Protein chains: 2
Amino acid sequence: MGVRLYMGLVHFPVYNKNHEKIASAITTLDIHDLARLAKTYDVKRVFIVTPLDDQQKLARRVLSHWIQGYGGRYNRHRKEALECVSVVESLKQAMGRIQEIEGEPPLIIATDAANQEERSISWIDARQAIWSNQVVALMFGTAWGLHEEVIKEANRVLTPIPGKGGYNHLSVRTAAAIILDRLAG
Amino acid sequence: MGVRLYMGLVHFPVYNKNHEKIASAITTLDIHDLARLAKTYDVKRVFIVTPLDDQQKLARRVLSHWIQGYGGRYNRHRKEALECVSVVESLKQAMGRIQEIEGEPPLIIATDAANQEERSISWIDARQAIWSNQVVALMFGTAWGLHEEVIKEANRVLTPIPGKGGYNHLSVRTAAAIILDRLAG
């Protein structure tokens, strides 16, 4: 039996460099990288979360090119990966979709480069939740990370990836890769 | 004592989709992602390998923007990461640099999405080599992966990352993240 694992890539609300609440722009490479990771680690669906109309359109155009358009004929592995991506306007909408699919709400685990003492969950416990067949949604923040509103909506916050000498500035793509490999690999 | 670990991102010779030998174009995001990974996992230097003049110039322009230019003032974490990146024209030149720094040649470990029976090295043995303070250079291929010429120049080839259902089409950025976390994390 597979895991019941979901991922969300959040573009709003996130922080900018000055710790202000913003909506970040979509990096199309992120969509590809997360979809390919999802396919590798048996993640059921990836949600690209943005409330901005033009950004949703951009994301959908990328998906359509690689699923229905020329991209799909050019590279079927990419098509196969991108088919598991959905564009949604909010975290709430993503959670609603998961509830529809699974018939129960997911355990929402937020990821953050900073340690969140409250409600933190260890790598071992997160892995255990996933492999005991709980429905789990891993939330990743773009820009300077998930806004505290998202952190508060989550049930738990994953312990950060410890960098040598305290360096903890990975891209969301590579952080997601490491986290998926540790939890679902 | 830290590890004596190096990384190379090879743009030539690599394969294209039709298994032809090509020089791939630089993806500037790769330089950032690999530099940030290097900083996180204590990698001593990242070599961007390309024989193409204009591509070397592009890579150096990115580095210069983030190290000496505005980027360095805007984001010091990025500056700190990109300072460990060098642009070289060949694998041989990269290996020469490592020899100069360390006073001995590295164990060259190539990474490949396909299993290479000959000279393959397990994750455990590769981790052991790194942590027993051997000089190790991990080689990553862009496009459709390292050309067999590079595979032949390497001392060993790392066992591939096993994807669920045989899917093994990660981006080089996310594959490098997973490999570094497993070997040097």
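Points to keep in mind about this one:
- Residues in the stretch B:19-47 occluded by at least 50 Å² - accessible area, probe radius 1.4 Å, against chain by itself: B:LEU29, B:ARG36, B:THR40
- Shape of the stretch A:130-185, Cα gyration tensor, a/c cut at 1.5: oblate
- For the stretch B:143-185, accessible area lost to neighbouring protein chains reaches 50 Å² or more, against the chain alone with a 1.4 Å probe, at B:LYS164, B:TYR167, B:HIS169, B:LEU170, B:ARG173, B:THR174, B:ILE178, B:ASP181.
- Pairs of alpha carbons in the stretch B:31-93 whose separation is greater than 20 Å (percent): 25
- Low-density loop positions, trypsin sites (Lys or Arg not before Pro), the stretch B:128-185 - DSSP coil, at most 11 other Cβ in 10 Å: none
- Taking the DSSP bridge list for chain B and keeping only pairs wholly inside it, about 10 percent are antiparallel.
- Sparsely packed GluC sites (Glu not before Pro) within the stretch A:109-155, loop by DSSP, other Cβ within 10 Å at most 14: A:GLU117, A:GLU118
- Interface size A-B, as summed buried accessible area [1.4 Å probe, Å², nearest 100]: 3000
- By DSSP, the beta bridges lying fully in the protein assembly as shown are antiparallel in about 10 percent of cases.
- Under 5 Å, built H, 5+ apart or other chain: amide partners of B:ALA110: B:MET139, B:ASN155, B:ARG156, B:VAL157, B:LEU158
- The string of couplings for the stretch B:92-99 from the Karplus curve (6.51, -1.76, 1.60, θ = phi - 60°) is 4, 5, 4, 5, x, 4, 5, 4 Hz, one whole number per residue in order, with x for Gly and Pro.
- Shown in residue order for the stretch B:18-35 are the 3J(HN,Hα) couplings computed by the Karplus curve 6.51 cos²θ - 1.76 cosθ + 1.60 at θ = phi - 60°: 8, 6, 9, 7, 9, 9, 8, 7, 6, 9, 4, 4, 4, 4, 4, 4, 5, 5 Hz (x for Gly and Pro).
- Applying the Karplus relation 6.51 cos²θ - 1.76 cosθ + 1.60 with θ = phi - 60° to the stretch B:133-147 yields 3J(HN,Hα) values of 6, 5, 7, 10, 10, 8, 10, 10, x, 8, 6, 8, x, 4, 5 Hz, where x marks Gly and Pro.
- Spatially proximal lysines relative to A:LYS39 (Cα-Cα < 17 Å; intrachain offsets below 8 disregarded): A:LYS79, B:LYS164
- Magnitude of the charge dipole, chain A, Cβ model with Lys/Arg +1 and Asp/Glu -1, debye to 20: 680
- Accessible area per residue, Å², chain A with all protein chains present, probe 1.4 Å: 44
- Relative contact order, whole percent, for chain A stands at 30, derived from Cα pairs under 8 Å and 6 or more residues apart.
- A simple spin-label model places the labels of A:ARG73 and B:GLN134 4.8 nm from each other, with each point 7 Å out along Cα-to-Cβ.
- Chain B - percent of accessible surface contributed by carbon and sulfur, probe 1.4 Å: 48
The values are calculated or read from the model by the stated rules, or taken from the named source; none is laboratory data. The model shown is predicted, which means the values in this text are computed figures rather than measured ones. Every residue, glycine among them, receives a Cβ derived from its backbone with ideal geometry; neighbour counts consider all protein chains shown. Protein only, heavy atoms only, side chains kept; ligands, DNA and RNA dropped before computing areas. Shrake-Rupley method; radii C 1.70, N 1.55, O 1.52, S 1.80 Å.
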